[in-house]
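Okay, structure first, notes after.
The values are calculated or read from the model by the stated rules, or taken from the named source; none is laboratory data. It should be emphasised that the depicted structure is a prediction, and the values quoted were computed from it without experimental measurement. Backbone-built Cβ (ideal geometry, glycine too); neighbour counts: all protein chains shown.
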Ligand SMILES: Cc1cc2nc3c(=O)[nH]c(=O)nc-3n(C[C@H](O)[C@H](O)[C@H](O)COP(=O)(O)OP(=O)(O)OC[C@H]3O[C@@H](n4cnc5c(N)ncnc54)[C@H](O)[C@@H]3O)c2cc1C
């Protein structure tokens, strides 16, 4: 194949996987990896778990050394793009011509008004995780308020609780993740927090951060003020695409890069987008979902490697899988529930909360959630694709 140079913007899991995948497939051309984070490439899931807990040294989360992949590593941000001439310009002014460009520049956390204020933390990078870990070391068994009860907020709650910290989670929705899981299932999942001594306040949001030299509390919109030594803000992310404004690359209203089912942005398949930044078309749903989970970035990277190297394009099939480690157990979601899906819940006996949910759409199984029940996840993987569908999976769970 005649692709001379592949430039990859973003050296996290998606970008690194493209670089290693190209080499594994025998690609001998030039690869440039562009990312301003001096610690990249590393994996993010351990940042709210093992790294934050202090169980792992930072290098255990490393995704490898670009030198070993024979990739040029540019520790710089991409600043602008000229797709007509196939040139990426770095914020430093350096111009990188490309034959293929992969946008794997992910997303950045949203902040709250009043930030930055010492003691108020975001969690996206290795530096963020280490700074939060230091802060938690300093407050000892103090008070942590987490704004946002999504997967990352819940994992921080779990890690902090294991360190003996007093934790409150503030969530604007009726229950964390209720938009994704449905209100009843989300409310049942949220009981994990209470089981583990975490206070959860739902249906309220933050009016203001309180404190002058550093944070001392969080004022809620219902008028309550929660005292806090540390605040973690986990209120979602925004695709890192401001630098693409005016480039002609199609962006959705939220900044996600619109691409087709081959992860290609343009008709001649010169520019691709993957991972948290990408909105790849799902032909089954006829939509362009943006998926913020690890497995999606890996799967799209593998598709793009093939599409760069092979003449016949391969479509990305949205499988949707997310896991989350909380309170010593594991939550897994296979497939993506939609509003209106029916939910069948099977609960297991035992000292710890353990249940599984099958989601049914138009009589067909489309997704499963398992909580602290690895065998149920295995059964769901086997049954979801089978003709018996939901009955099979529910029956299988009942027999475990
Ligand atoms: C704390 C935490 C825990 C998580 N845990 C889980 C989990 O348990 N399970 C799960 O499924 N998912 C988890 N995720 C989500 C998962 O890590 C992400 O879906 C995944 O990292 C997305 O990979 P990506 O390569 O698309 O983008 P990102 O990981 O966001 O990386 C994008 C990279 O692009 C770089 N970049 C940004 N702008 C520019 C620019 N202008 N020029 C050059 N480079 C740029 C950034 O510095 C960054 O390194 C977690 C995420 C976080 C933050």
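Please find, within segment 161-196, the residue that is surrounded by the fewest Cβ atoms within 10 Å (Cβ to Cβ) out of those that are in contact with a helix residue (DSSP H, G or I) (Cβ under 6 Å, 6 or more places away or on another chain) and free of Cβ contacts under 8 Å to residues at least 40 places away in the same chain.
174
From 3, 7, which residue is surrounded by 18 or more Cβ atoms within 10 Å (Cβ to Cβ) and touching a strand residue (DSSP E or B) at 6+ places or on another chain (Cβ under 7 Å)? Step through it out loud before you land on a result.
Numbers: 3 fails: surrounded by 18 or more Cβ atoms within 10 Å (Cβ to Cβ).
Unique residue meeting the criteria: 7.
Go through segment 79-95 and report how many residues are closer than 14 Å to residue 6 by Cβ and within 14 Å of the ligand (Cβ to nearest atom).
1
Could you look through segment 253-275, keep only residues that are within 16 Å of the ligand (Cβ to nearest atom) and surrounded by fewer than 20 Cβ atoms within 10 Å (Cβ to Cβ), and pick out the one that is farthest from residue 18 (Cα to Cα)? If you could, list the steps in order and put the result at the bottom.
Going through segment 253-275, the residues within 16 Å of the ligand (Cβ to nearest atom) turn out to be 254-259, 263, 265, 271-275.
Those left that are additionally surrounded by fewer than 20 Cβ atoms within 10 Å (Cβ to Cβ): 254-255, 258.
Details: 254: 25, 255: 22, 258: 19 Å.
In this case the residue turns out to be 254.
Using the structure shown, decide if residue 136 is in contact (Cβ under 8 Å) with a residue 24 or more places away in the chain and surrounded by 20 or more Cβ atoms within 10 Å (Cβ to Cβ).
Numbers: in contact (Cβ under 8 Å) with a residue 24 or more places away in the chain: yes; surrounded by 20 or more Cβ atoms within 10 Å (Cβ to Cβ): yes.
In short, yes.
Restrict the check to segment 97-106 and report whether at least one residue is touching a helix residue (DSSP H, G or I) at 6+ places or on another chain (Cβ under 6 Å), modelled with pLDDT of 95 or more and more than 28 Å from residue 247 (Cβ to Cβ).
Within segment 97-106 (the criterion being touching a helix residue (DSSP H, G or I) at 6+ places or on another chain (Cβ under 6 Å), modelled with pLDDT of 95 or more and more than 28 Å from residue 247 (Cβ to Cβ)), the answer is no, since none of the residues qualifies.
For segment 373-389, check the following and say yes or no: at least one residue is within 16 Å of the ligand (Cβ to nearest atom) and either over 24 Å from residue 284 (Cβ atoms) or assigned by TED's automatic domain parsing to the domain that holds residue 267 (or both).
Yes: segment 373-389 contains one or more residues that are within 16 Å of the ligand (Cβ to nearest atom) and either over 24 Å from residue 284 (Cβ atoms) or assigned by TED's automatic domain parsing to the domain that holds residue 267 (or both).
Quick one: residue 60 ticks every box in (1) at pLDDT 95 or above; (2) more than 30 Å from residue 270 (Cα to Cα); (3) touching a strand residue (DSSP E or B) at 6+ places or on another chain (Cβ under 7 Å); (4) surrounded by fewer than 21 Cβ atoms within 10 Å (Cβ to Cβ) bar one, so which box is it?
(3)
Hey, among the residues in segment 236-268 that are touching a residue at least 60 places away in the same chain (Cβ under 8 Å) and touching a helix residue (DSSP H, G or I) at 6+ places or on another chain (Cβ under 8 Å), which one's farthest from residue 315 (Cα to Cα)?
237
Would you confirm whether or not segment 97-104 contains a residue that is in contact (Cβ under 8 Å) with a residue 24 or more places away in the chain, within 13 Å of the ligand (Cβ to nearest atom) and more than 25 Å from residue 28 (Cβ to Cβ)?
From segment 97-104, those in contact (Cβ under 8 Å) with a residue 24 or more places away in the chain are 97-104; that's our starting set.
Checking the rest, the ones that are also within 13 Å of the ligand (Cβ to nearest atom) come to 101-104.
Filter again for more than 25 Å from residue 28 (Cβ to Cβ), leaving none.
No, because not a single residue in segment 97-104 is in contact (Cβ under 8 Å) with a residue 24 or more places away in the chain, within 13 Å of the ligand (Cβ to nearest atom) and more than 25 Å from residue 28 (Cβ to Cβ).
Conditions tested, residue by residue: (1) within 9 Å of the ligand (Cβ to nearest atom); (2) touching a residue at least 24 places away in the same chain (Cβ under 8 Å); (3) over 22 Å from residue 256 (Cα atoms).
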| site | (1), (2), (3) |
| --- | --- |
| 22 | no, yes, yes |
| 32 | no, yes, yes |
| 36 | yes, yes, no |
| 44 | yes, yes, no |
| 56 | no, no, yes |
| 68 | no, no, yes |
| 115 | no, yes, yes |
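Can you give me the number of residues within segment 117-134 that are touching a strand residue (DSSP E or B) at 6+ places or on another chain (Cβ under 6 Å) and more than 8 Å from the ligand (Cβ to nearest atom)? Outline the logic, then answer.
To start, the set of residues in segment 117-134 that are touching a strand residue (DSSP E or B) at 6+ places or on another chain (Cβ under 6 Å) comprises 117, 119-122, 124, 126, 132.
Then keep just the ones that are more than 8 Å from the ligand (Cβ to nearest atom); that gives 117, 119-122, 126, 132.
So the count comes out to 7.
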